[in-house]
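Scroll down for the structure; my scribbles are underneath it.
The values are calculated or read from the model by the stated rules, or taken from the named source; none is laboratory data. Please read these numbers as outputs of a predicted model, since none were measured by experiment. Counting neighbours? That spans all protein chains shown, and the Cβs are built from the backbone with ideal geometry, glycine included. We work out accessible area using only protein heavy atoms, side chains counted, and drop any ligands, DNA or RNA first. Shrake-Rupley method; radii C 1.70, N 1.55, O 1.52, S 1.80 Å.
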Amino acid sequence: MVLCIQIFCIIIGFFSIIMVLYRFKIKLLTYGEFSLWCIFLILLCILIVFPELINKIIILFGISRGVDLFFYFALMLIFYLIFKIYLKIEKIEQEITIIVKEIALEKKKK
Amino acid sequence: MNKIVIVIPAYNEEQTIGKVIQNLKKEDYNNIIVVDDNSSDKTYEIAKKEGVSLYRHIINRGLGGALNTGITAALNEGADIIVTFDADLQHDVNDIKKLLYYIEHEYDVAIGNRLTKGLNKGMHFIRRIGIRGLDFITYLLFGAYVCDSQSGLRMFNKEAAFKLDIRTNRMEVSSEIIKEIKRNKLKLKEVPIKAIYTDYSLSKGNTVWNGFGIVFKLLLRRIM
């Protein structure tokens, strides 16, 4: 029996996939990022419709509780996002240096 | 006659920058570029009084940023040979001739090696280990082993200088330069030089914590 909350979550999941597709189309996401998001969202929808699958998965990972698996994944996701942000900051620092260098060279020309 | 341009990256070096420039001029190195990395002291004013080619960063960018500006400026000013030279009186001006010999005899790059026995009085044992450690990390990440990868005394011919693609901002630039030498297959010679350590120059060098930061930044550079 499918609960209302599951229907609601599936609808959210469906709209999330549409959003990800739209962002991919307007080139805000790379092909790799688009694929990862789609896989993640589809898996999420499957787990929402068949929650008993979670028990089979956690046994595979040797984890006793489903909520622990959620926290492990959440932690990995957080580390990944922090790393991406750090890389972005490094890129911005490099770009600032290019600008500062150009200004120094231009000032000297004058 | 090759035009030799000395590039001095400087950040808060008011105590020594004047003397460094005077020492260079005494040995007839008159083409000097100082890159003031937005010092908060009188480094800029003192360098200006000495009559050098002066460039100033509006925001502090670090050693890598200053070297990048300095090398580009030197190429713009028509340098045939570019020397990077520290602003803290650590280097002996007479060592420049030793590097020059190799650049004039078919080498593209010459780097001063401070770790030669007998030439590194005053260099603390921890610093020596740190340099060796960074040499090893540079080798692991970029496949190039140099005895003193962190040396600030370097000489490039203009062809080599053109090929360098420096992107790191801070102290990790020294290892990145080694990477660029390897990437561009430049002919490198390591030349024994004197390291003059005073309390002042020791305070300016890398600390152990810097070392960890450098390793982390180099790992990032490897990935990016």
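What shape does chain B take by its C-alpha gyration tensor, where a ≥ b ≥ c are the square roots of the eigenvalues and a/c under 1.5 counts as rounded, a/b above b/c as prolate, and the rest as oblate?
Details: a/c = 1.28, a/b = 1.17, b/c = 1.10.
Taking the square roots of the gyration eigenvalues as a ≥ b ≥ c, chain B is rounded.
With charges set only on the Cβ (+1 for Lys and Arg, -1 for Asp and Glu), what does the dipole of the stretch A:51-92 come to about its Cα centre, in debye to the nearest 20? Walk me through the numbers on the way to the answer.
Values: 5 positive and 3 negative charges, 35 e Å.
Roughly 160 debye, rounded to the nearest 20.
Tell me the total accessible area that A and B bury against each other, 1.4 angstrom probe, in square angstrom rounded to 100. Mind showing how you got there, number by number?
Details: alone 9760 and 11020 Å², together 19070 Å².
The A and B chains share an interface burying roughly 1700 Å².
On the accessible surface of the protein assembly as shown, probed at 1.4 Å, how many percent belong to carbon and sulfur atoms?
Numbers: 12380 of 19070 Å².
The computed percentage sits at 65.
If one computes P(r) from the Cα atoms of the stretch B:1-125, what percent of pairs lie at distances over 25 Å?
Values: 1787 of 7750 pairs.
Of all Cα-Cα distances in the stretch B:1-125, 23 percent exceed 25 Å.
Can you tell me the FRET efficiency between residue B:27 and residue B:125 if r is taken as the Cβ-Cβ distance and R0 is 45 Å, rounded to the nearest 0.05?
For R0 = 45 Å, the calculated efficiency reads 0.90.
Per DSSP helix of 4 or more residues, -39500 (n - 2.57); summed, then divided by the residues of chain A. What does that give at 222 nm, rounded to the nearest 500?
-30500 deg cm²/dmol
Just to confirm, what accessible area per residue do you get for the protein assembly as shown at 1.4 Å probe, in whole Å²? The partial results should precede the final answer.
Numbers: 19070 Å² over 334 residues.
Here the per-residue accessible area is 57 Å².
Using only Cα atoms, tell me the angle between helix A:66-109 and the longest principal axis of chain A; keep it within 0 to 90° and round to the nearest 10.
10
Once the Cβ-Cβ distance between residue B:2 and residue B:187 is put in as r, and R0 is 22 Å, what FRET efficiency do you end up with, to the nearest 0.05? Please report the intermediate quantities before stating the final value.
Values: r = 17 Å, r/R0 = 0.76.
E between residue B:2 and residue B:187, to the nearest 0.05, is 0.85.
What accessible surface, in Å², does a 1.4 Å probe find on residue B:97, ignoring ligands, DNA and RNA and rounding to the nearest 10?
Answer for residue B:97: close to 120 Å² accessible.
Checking buried surface per residue: for the stretch B:32-81, which residues lose a minimum of 50 Å² accessible area in the protein assembly relative to the chain alone (1.4 Å probe)?
B:55, B:58, B:61
Quick one: helix A:52-61 against the long Cα principal axis of chain A, what's the angle to the nearest 10°, folded into 0 to 90?
Relative to chain A, helix A:52-61 is tipped by roughly 60 degrees.
Tell me, what is the 1.4 Å probe accessible area of residue B:28, in Å² to the nearest 10?
About 120 Å², ignoring ligands and nucleic acids.
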